[in-house]
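Here's the structure, in structure tokens; my notes come after.
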Amino acid sequence: MKKALIAAVALGLGLSLVGALPQPEGRADRFHAQADGLALTPPMGWYPWNIFGQEPQNEKLIKEIVDALVSSGLKDAGYAYIGPDEGICFFRGPDGKLSSNLERYPSGLRGLGDFIHQKGLRYALYTDAGTLTCSKAMPGTKGHEYDDMRAFADWRADYIKIDWCNTAGQDIVATYSLLGEAQRAAGRPVVHSLCSWGVGYPWKWAGAIGHMWRTTSDICGPGRADWAMAVRVAFANDKLAPFAGPGRWNDPDMMIAGMPGLSEGQNRAFFSLWCQMAAPLMAGNDLRGMSPSTLAILTNLEAIAVNQDPLGIQGRVVWNDGDISLWADKPLFDGSRAVLLFVHGSIRMRHKILWEEAGFEKGDELYVRNLWTHQTSGPHTDGFSVAGLEPGEVAFLRISKRNDFPIPPIIVADTTMLALRAGGGSGPEKREGTVTIENKGSSPLPPWKVDPKSVPSWLTVTVAGSGKRQTFVNTATTAGLKKGVYHAQVRADNVEPISGRPLSAFYYDVDLEVVRDVGRPERQ
Ligand code: GLA
């Protein structure tokens, strides 16, 4: 309750600054993601808090959800970041260092991360910027920032959500900046997800430090969706649209689509709003035993295409009569535009969308793609009429001068880690492993470019295949290596061919275990 109040006040104060400060203060064109290339489109994944809260979180549950994410088809739709939230994952020992809670996570937090990486997914973990996490069941990072971020890197986290509980007396910008520095010092690029619920107006400064920031208080209490709250959150988040862009996202919280408490129409509306707002798509429902309708909603690639658009523009409300709102100003990478009509009031409504409202010229000949029925109509020259929509329903449309609606890149990996072991023969040995990535979008991609700085001398990486499916072929050579475990985190980059915009960097881990000292081959 208190948190909701703080966030509401913060939002209220922050709104007056929106027009004046569209960029992080003092660092107008510097965004952290420009360096690590992460989250250039909104992160997609799953997080436990909305449906489970704290108590049932443990290794067994997370692994079951990982398996469901893969087998249901969510992975193939781009969902990748997954892990425990405030799930009593670690404790601080007498030496001040974090250790995994082996009772709840018997494989340890590194073991859980490896399980997730072997499935081609990304590992998300949670902590807090203060002395304790929100429920006080876990230690916060205050005073241990460098050690804790090092521990998260050792566990191979790819995403760290950092809450703002128990932070009395702490300066918010200084604290999150220090945590960002500590992440860089730990040497493992991570999506830094700030979670101050709008406190401290993170949209003004957090893009220089991390990749996404919560803009509002929690969207529901654990276990049950709250539609009225979700609508309030959406309209509050809307006001912050100018602050979002590739690598820096307003986060109106994890999703509630598919949770108890919402109708099918509300699930569809919720998902459409989060897509149109370029919000991170962290599913918050129980993925085991989803209804066919929930699954179809969460994996609707035409809606996800709007969310994952490489231009990264947050659509916003351009008109609102109190019962129905038009969300537009969402140009997409191919010249088309996404438009959403939302009945947030309590009566059935209809509306004719004028081309000028949708960002086109009066009289333009335009095709209209319905992103839920998957049907195209047109060309229309005089706007587009949406027939009656019930309360809580949306029309989610993509409008274009061409009768063609390409899907931007959605990158899916068969694995994000390779564990190679050299058998211990007397001479140098080679070990090979592959990582294959597929683009589920519609265009073939240019060859991925491996960053040579990310490849150590014991490894070579070549890219095989072309277009929509490419393979990183990794060859490790033991020549001259001492017994031990060697690690590399390989980075590859690419561009989306229609817009020329960079894609999020693709990272994967390679471990090479060398079981005995190996000499170098004799020179001839
Ligand atoms: C805060 C966050 C939630 C969740 C809980 C855990 O309320 O906003 O998303 O992480 O903490 O206690």
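The values are calculated or read from the model by the stated rules, or taken from the named source; none is laboratory data. Quick caveat, the model's predicted, so the values are computed rather than measured. Using ideal geometry, Cβ is built from the backbone for each residue, glycine included, and neighbour counts are taken over all protein chains shown. Protein only, heavy atoms only, side chains kept; ligands, DNA and RNA dropped before computing areas. Shrake-Rupley method; radii C 1.70, N 1.55, O 1.52, S 1.80 Å.
When 511, 517 are checked against the criterion of being in contact with a strand residue (DSSP E or B) (Cβ under 6 Å, 6 or more places away or on another chain) and over 14 Å from residue 436 (Cα atoms), 511 stands alone in meeting it.
The residues of the stretch 200-240 that are away from the ligand (no atom under 16 Å from the Cβ), open to solvent by 10 Å² or more (accessible area, probe 1.4 Å) and either of a type in the set (D, E, K, R) or at negative phi (or both), listed by number, are 204, 205, 208, 209, 227, 228, 231, 235, 238, 239. For the stretch 380-391, the criterion of a residue being of a type in the set (Gly, Ala, Ser), assigned to a strand (DSSP E or B) and open to solvent by less than 20 Å² (accessible area, probe 1.4 Å) is satisfied by no position.
The criterion of being of a type outside the set (Ser, Thr, Tyr), more than 21 Å from residue 52 (Cα to Cα) and open to solvent by 20 Å² or more (accessible area, probe 1.4 Å) does not hold for residue 122. Every listed requirement among (1) open to solvent by 40 Å² or more (accessible area, probe 1.4 Å); (2) more than 16 Å from the ligand (Cβ to nearest atom) is met by residue 137 save one, (2).
Has the stretch 484-506 got any residue that is free of Cβ contacts under 8 Å to residues at least 12 places away in the same chain, among the hydroxyl-bearing types (Ser, Thr, Tyr) and over 30 Å from residue 302 (Cβ atoms)? Checking the stretch 484-506: not a single residue is free of Cβ contacts under 8 Å to residues at least 12 places away in the same chain, among the hydroxyl-bearing types (Ser, Thr, Tyr) and over 30 Å from residue 302 (Cβ atoms).
The condition (being surrounded by fewer than 24 Cβ atoms within 10 Å (Cβ to Cβ) and more than 19 Å from the chain's Cα centre (by Cα)) is satisfied by just one residue among 314, 266: 266. When restricted to residues that are part of a helix (DSSP H, G or I), within 16 Å of the ligand (Cβ to nearest atom) and under 19 Å from residue 411 (Cβ atoms), the stretch 43-87 contains 0.
Conditions tested, residue by residue: (1) more than 19 Å from residue 194 (Cα to Cα); (2) within 18 Å of the chain's Cα centre (by Cα); (3) touching a residue at least 12 places away in the same chain (Cβ under 8 Å); (4) surrounded by 20 or more Cβ atoms within 10 Å (Cβ to Cβ).
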site	(1), (2), (3), (4)
270	yes, yes, yes, yes
292	yes, no, no, no
301	yes, yes, yes, no
334	yes, no, yes, yes
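In the stretch 208-227, the condition of being in a helix (DSSP H, G or I) and farther than 22 Å from residue 316 by Cα is met by at least one residue. Count of the stretch 429-453 residues, restricted to those that are buried (at least 16 other Cβ atoms within 10 Å of the Cβ) and either in contact with a Cys (Cβ under 9 Å, 6 or more places away or on another chain) or under 23 Å from residue 518 (Cβ atoms) (or both), is 3. Taken together, the criteria place residue 495 among residues that are surrounded by 14 or more Cβ atoms within 10 Å (Cβ to Cβ), touching a Leu at 6+ places or on another chain (Cβ under 8 Å), closer than 20 Å to residue 43 by Cβ and among the β-branched types (Val, Ile, Thr). Counting only strands (runs of 3 or more DSSP E) that sit completely within the stretch 88-187, those holding 3 or more residues that are touching a residue at least 12 places away in the same chain (Cβ under 8 Å) correspond to 90-92, 122-128, 159-163. If you check 176, 105 for being open to solvent by less than 10 Å² (accessible area, probe 1.4 Å) and under 22 Å from the mean Cα position of the chain (by Cα), only one passes: 176.
Within the stretch 1-42, being at pLDDT below 90, more than 16 Å from the ligand (Cβ to nearest atom), part of a helix (DSSP H, G or I) and surrounded by 16 or more Cβ atoms within 10 Å (Cβ to Cβ) holds for one residue alone: 14. Here residue 376 fulfils each of the conditions (1) more than 31 Å from the chain's Cα centre (by Cα); (2) at pLDDT 95 or above; (3) in a strand (DSSP E or B); (4) of a type outside the set (A, V, I, L, M) apart from (1).
Assessment of the stretch 149-156 against the conditions (open to solvent by 10 Å² or more (accessible area, probe 1.4 Å) and either in contact with a His (Cβ under 6 Å, 6 or more places away or on another chain) or β-branched (Val, Ile, Thr) (or both)) yields no matching residue. Residue 425 meets each of the listed conditions (1) in contact (Cβ under 8 Å) with a residue 12 or more places away in the chain; (2) surrounded by fewer than 20 Cβ atoms within 10 Å (Cβ to Cβ) apart from (1).
Quick check on the stretch 464-485. Is at least one of its residues in a strand (DSSP E or B), within 21 Å of residue 36 (Cα to Cα), modelled with pLDDT of 95 or more and open to solvent by 70 Å² or more (accessible area, probe 1.4 Å)? For the stretch 464-485, residues in a strand (DSSP E or B), within 21 Å of residue 36 (Cα to Cα), modelled with pLDDT of 95 or more and open to solvent by 70 Å² or more (accessible area, probe 1.4 Å): absent. From the list 392, 424, 359, exactly one residue is in contact with a Gly (Cβ under 8 Å, 6 or more places away or on another chain) and on the phi > 0 side of the Ramachandran plot. Which is it? From the options 392, 424, 359, the qualifying one is 392.
For the stretch 153-173, a tally of residues being within 23 Å of the chain's Cα centre (by Cα) and more than 16 Å from the ligand (Cβ to nearest atom) returns 6.
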